[in-house]
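The values are calculated or read from the model by the stated rules, or taken from the named source; none is laboratory data. Predicted model only: the values in this text are computed from it and were never measured. Note: ideal-geometry Cβ built from the backbone for every residue, glycine included; neighbour counts use all protein chains shown.
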Amino acid sequence: MPQKTWVVGEEVLAADFNSYVQDQVVPAFPNVAARDAQWTAPPDGALAVTTDTNQLWQRIGGAWAKQGAGQYMGNQYSTADAPMFPNTGYLLQVNFTALAGHNYWCHADVQLGVASGTGGVNVFMRIDNTTEICARSENFGLAAQTLGPTVSLSALVAPSAGPHVIGVLGSASADGCYFQDGNLVVIDVGM
């Protein structure tokens, strides 16, 4: 029962309280942990605010999703060296829940390196590990353990509503090329 028009003198009965009142307010919680502990089974469509970050949340498909344009959806920073020959799994990844009709700005900076010789490196950004949304190739020759170029990737995506992952992967043409460090950020830029 999503909505009811009350008339003067009509009582709010206990049976009506949760359906008509409790589940239709926007409660404020001090943080995500308090929200999850105090509201263990919210219905899909429910809204909540966490006051530590002033973040509006909506329950979609049984999970909480951040709401609002310009919302920071997440990032990953890594300094773990990873060989790129012949190819890698995710070097960086951000899991997020997309809203219907929203666009998401994805940006990654990846620092490359070469242990020896000449490197030919490809860096890809994919959504859900299936669709390539941008790619960049670099060729360089360096001495042992030297920093290579920083590769930047940016893309605007409009995924379907629901959970997704944006990932950065790589491949190299020769042994000795490696991922040195990087950062991936996903931001909801609205409709």
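Among the residues of region 124-134, is any more than 24 Å from K66 (Cα to Cα), crowded, with 16+ Cβ neighbours inside 10 Å and modelled with pLDDT of 75 or more? Yes, because at least one residue in region 124-134 is more than 24 Å from K66 (Cα to Cα), crowded, with 16+ Cβ neighbours inside 10 Å and modelled with pLDDT of 75 or more.
Looking across P159, P163, one residue alone is farther than 22 Å from A80 by Cα, assigned by TED's automatic domain parsing to the domain that holds I127 and assigned to a loop (DSSP other than H, G, I, E, B). It is P159. Of all residues in region 160-191, those satisfying the criterion of being surrounded by 21 or more Cβ atoms within 10 Å (Cβ to Cβ) and under 13 Å from the mean Cα position of the chain (by Cα) are I166, G167, V168, L184, V186, D188.
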